[in-house]
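These notes are about the structure you will find just below.
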Amino acid sequence: MTTEDSDRQVARWSGAGHPLPATTTGEFDPFRGMTDELTHFMLVYKFGLAEIGTKISILSEELAHRGRGNPIEHVLPRLKTPASISAKARRIGCPLAFDDLRARIRDIAGIRIVCSFVSDVYTVAEMLTRQPDITMLQTKDYIAQPKANGYRSLHLIVEIPVFLSERVVQVPVEIQLRTAAMDFWASLEHKIHYKYDPRVPESLRDELAAAAEDAARLDRRMELLHREIHGPRR
Ligand code: GTP
Ligand code: MG
């Protein structure tokens, strides 16, 4: 059975045997049991991540061989779990059906690229997105326009073709690019956010915003120092 001819009901994926409303709340995980259909749905994102991962590895290795230092410090791929896909679907009011999830949740496959300098973030983004098999779907530049809490990163949603045995599917992948300083800040902010969920005390929020400014200042200084030594990267 293909996803197209399924009746697209949650019950069909979970094997639960009866339809469940999309508003189901509580501990129930509609993806539990991982039917063939769900496994296939998830696999495609895993393949998309592998394709993007290969592209990033190639860039990273080739740039390292150019002898000017590798702009990519580290890479962190992640696949959303079925539980977090269903949680996000409920949050955004997306029906728990494969076609709807495919269309509306575009960060099931995600990869974070941590670069040394801010200019590297844009260079690596440009090197990836100019590849002809990559289609850019969305850009959010939280470096040019940081979030109110101080969060900075460049977010791209791209689409990449995955060649299956009988067809080609376009798979969306969220790419987050940031500097090591931005990453350091974001991981601490993430922990604080979770600890105080839903409300971070105001003093802590101010402190976090100030720390984000410090991190941005450090990035600017490091970039200048780097240019002093090497000139702008080519
Ligand atoms: P999600 O539904 O969470 O994916 O958000 P969105 O669709 O509005 O997308 P956005 O591009 O704003 O954020 C996507 C991802 O970026 C999040 O899931 C986080 O991984 C990261 N992110 C965004 N904002 C913040 C933030 O304020 N702090 C931290 N630590 N991470 C953030
Ligand atoms: Mg997300």
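Structure values in brief
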| read-out | value |
| --- | --- |
| Potential extension, LYS147-ALA210 segment - 0.36 nm per residue separation minus Cα distance | 21.4 nm |
| Percent antiparallel among DSSP beta bridges (both partners in segment 112-205, rounded to 5) | 80 |
| Cα-only Debye scattering, segment 90-136: base-10 log of I(q)/I(0) at q = 0.16, 0.17, 0.29, 0.33 Å⁻¹ | -0.66, -0.70, -1.06, -1.19 |
| Potential extension, GLN138-LEU224 segment - 0.36 nm per residue separation minus Cα distance | 28.0 nm |
| Other-chain or far-sequence residues with amide H under 5 Å of GLU73's (modelled H) | VAL114, CYS115, SER116 |
| Fully extended contour minus Cα-Cα distance, from SER187 to ARG91, at 0.36 nm per residue | 32.3 nm |
| Equivalent ellipsoid, segment 87-234 (semi-axes from 5 times Cα gyration tensor eigenvalues, Å) | 30, 25, 10 |
| Ranked packing of 70-79, 159-168, 120-129, most packed first, by mean Cβ within 10 Å | 120-129, 70-79, 159-168 |
| Spin-label pair VAL169/SER203, simplified geometry with 7 Å Cα→Cβ offset, distance in nm | 5.1 |
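A short reminder: the numbers here are calculations on the coordinates, not readings from a lab. This one's a predicted model, so the numbers in the text were calculated from it and none came from an experiment. When we count neighbours, we look across all protein chains shown, and the Cβ atoms used for this are built from the backbone with ideal geometry, even at glycine.
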